[in-house]
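Below is one structure, written out as structure tokens, with a few remarks after it.
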């Protein structure tokens with residue numbers, strides 16, 4: 001289990017190399033044999049022509065033994081070649097490691113995986129998949145009953161699609177909706193709405209929103225209904241009605257002295273200089289005339 005570096009460069013150079021594990025971006029420490037972000041010994045010598053003589057000058061090689069599965073995890077690595085004299089990186093080599101080695105691995109007993117009988121490898125692996133994709137019978141031409149193991153598509157089909165679709169609902173058992181009932185409901189609701197709307201309008205037409213701003217509110221209309229006047233009397237507004245009542249109940253009054261005064265005056269509330277109601281009597285307590293001075 002090794003990593004083998006082979007690099008061609010001008011002869012006589014002083015080269016070293018470093019290794020990066022691309023999976024996590026860490027670098028190999030040649031002093032401790034571990035990968036880390038800041039290795040103490042980050043490079044090692046890459047000698048020229050080792051063991052093969054002068055005919056291979058310019059060929060720099062090294063073989064690094066790898067023994068730790070925890071350090072040399074399967075995956076991609078990058079080998080950088082450095083020129084010691086210039087301090088520059090002069091080459092980058094891509095390496096794929098598997099089981100701490102950069103050599104491809106093959107099944108035992110053969111050097112070519114395509115020459116192995118697939119029937120030998122039937123566990124969940126590449127051979128198993130290839131066998132079932134290429135050697136398995138066409139599922140569309142096989143009886144469903146053959147493939148009914150729980151968890152398979154055949155099991156789902158055989159268990160759930162166990163009758164013809166047409167048998168689920170016979171034509172005789174289907175009852176179409178009665179659209180005439182829907183039309184009848186629409187007609188009935190429409191007639192009811194018309195009647196109810198007419199009744200609402202008849203009531204709202206009794207409300208009057210005319211005249212001054214004081215009489216143009218719903219409150220004024222309701223109060224006028226609460227305080228009707230005789231038909232022969234002049235029409236009074238709600239404000240005038242309350243002003244007259246307030247002067248009779250809560251305001252000051254003045255008039256002729258004596259047991260039976262001939263004139264009694266009721267003033268505006270809080271304003272004794274303004275007379276709202278004047279009562280003229282016959283000296284016996286009977287009111288013979290009323291004079292109003294309302295706002």
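Take the range 31-44 and flag every residue that is within 16 Å of residue 93 (Cβ to Cβ) and part of a strand (DSSP E or B). Once the filter is applied, which keeps residues that are within 16 Å of residue 93 (Cβ to Cβ) and part of a strand (DSSP E or B), the range 31-44 yields only 44. Would you mind telling me which numbered condition in (1) modelled with pLDDT under 80; (2) under 60 Å from the mean Cα position of the chain (by Cα) residue 197 fails? Residue 197 satisfies every listed condition except (1). Here residue 122 passes the criteria (1) modelled with pLDDT under 75; (2) in a loop (DSSP other than H, G, I, E, B); (3) exposed (fewer than 10 other Cβ atoms within 10 Å of the Cβ) except the one numbered (3). Residues that are part of a loop (DSSP other than H, G, I, E, B) and over 54 Å from the mean Cα position of the chain (by Cα) were ranked within the range 1-30; the one that is surrounded by the fewest Cβ atoms within 10 Å (Cβ to Cβ) is 12.
Identify the residue in the range 59-92 that is part of a strand (DSSP E or B) and within 48 Å of the chain's Cα centre (by Cα) and, among all such residues, is surrounded by the fewest Cβ atoms within 10 Å (Cβ to Cβ). Selected residue: 92. Yes or no: residue 230 in a loop (DSSP other than H, G, I, E, B) and either closer than 30 Å to residue 294 by Cα or modelled with pLDDT of 70 or more (or both)? For residue 230, the condition - in a loop (DSSP other than H, G, I, E, B) and either closer than 30 Å to residue 294 by Cα or modelled with pLDDT of 70 or more (or both) - is met.
The values are calculated or read from the model by the stated rules, or taken from the named source; none is laboratory data. Note that the coordinates shown come from a computational prediction; the quantities given were computed from them, not determined experimentally. Backbone-built Cβ (ideal geometry, glycine too); neighbour counts: all protein chains shown.
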